[in-house]
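Q: Below is a structure I'd like to ask you about.
The values are calculated or read from the model by the stated rules, or taken from the named source; none is laboratory data. Not measured: the values here are computed from a predicted model. Note that we place each Cβ from the backbone using ideal geometry, even for glycine, and neighbour counts take in every protein chain shown. For the accessible areas, the whole protein counts, side chains as well, though only heavy atoms, and no ligand, DNA or RNA atoms are used. Shrake-Rupley method; radii C 1.70, N 1.55, O 1.52, S 1.80 Å.
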Amino acid sequence: GLALLAASIIIYANLGFGWGTFALLLLTPDLPLALYPFNRNLASVTYNLVHTIVFPILLAIFSYFTDNYLGIQLSLIWLAHIGMDHAFGYGFKYLGHMKETHFSRV
């Protein structure tokens with residue numbers, strides 16, 4: 001997680017993207033947590049999908065080949081968030097459980 005966070009930040013800095021955008025959007029992938037009071041299972045599934053590295057990597061690849069710098073910027077922020085979560089011990093959520101993650105059972 002720490003390596004993913006560091007790599008994302010280094011690449012982000014080298015590409016010269018704005019740090020205000022980085023700070024503003026860094027916690028955006030945690031928005032599915034707001035669904036927990038309404039539907040815990042949906043919140044868990046949504047949270048896990050948003051915290052899978054496949055989607056930001058696909059976004060980065062697609063954005064690279066289409067010269068979409070915004071997509072590259074967003075994918076790096078997204079990857080940094082995932083790396084940050086894993087570095088702090090947060091992982092995928094079990095269905096219906098907000099605090100318990102696959103890292104908490106290790």
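Q: Rounded to the nearest whole Å², what accessible area per residue is found for the chain with the 1.4 Å probe?
A: That works out to 62 Å² per residue.
Q: Can you work out ³J(HN,Hα) from phi for every residue in the stretch 2-11, in order, using Karplus 6.51 cos²θ - 1.76 cosθ + 1.60 and θ = phi - 60°, giving whole Hz and x for Gly and Pro?
A: 5, 5, 5, 4, 5, 4, 4, 5, 5, 5
Q: Measure nothing fancy, just the Cα-based angle from helix 54-65's long axis to the longest principal axis of the chain, in degrees from 0 to 90, nearest 10.
A: Once rounded, one gets 20 degrees.
Q: Under a 5 Å amide H to amide H cut-off, with H placed in plane at 1.01 Å, what residues pair with Lys93 once short-range neighbours are removed?
A: Residues meeting the criterion, in which the H sits 1.01 Å from N, are Asn48.
Q: Determine the sum of side-chain charges near Pro56: Lys and Arg each +1, Asp and Glu each -1, restricted to other residues whose C-beta is under 15 angstrom from that of Pro56.
A: Net local charge, Pro56 excluded: -2.
Q: Continuing with this model, one more query. Below 8 Å between Cα atoms, with a sequence gap of 6+, how large is the relative contact order for the chain in percent?
A: It comes to 38 percent, rounded to a whole number.
Q: Then there's this: Can you tell me the 0 to 90 degree angle between the C-alpha axis of helix 69-87 and the longest principal axis of the chain, rounded to 10?
A: That helix lies at roughly 40 degrees to the long axis.
Q: When the helices in the chain are scored as -39500 (n - 2.57) per DSSP H run of 4 or longer and the sum is shared across all residues, what 222 nm value do you end up with, to the nearest 500 deg cm²/dmol?
A: Working: 5 runs with 62 residues, N = 106.
Per the formula, -18500 deg cm²/dmol.
Q: Express the carbon and sulfur contribution to the solvent-accessible surface of the chain as a percent, rounded to the nearest whole number, probe 1.4 angstrom.
A: 72
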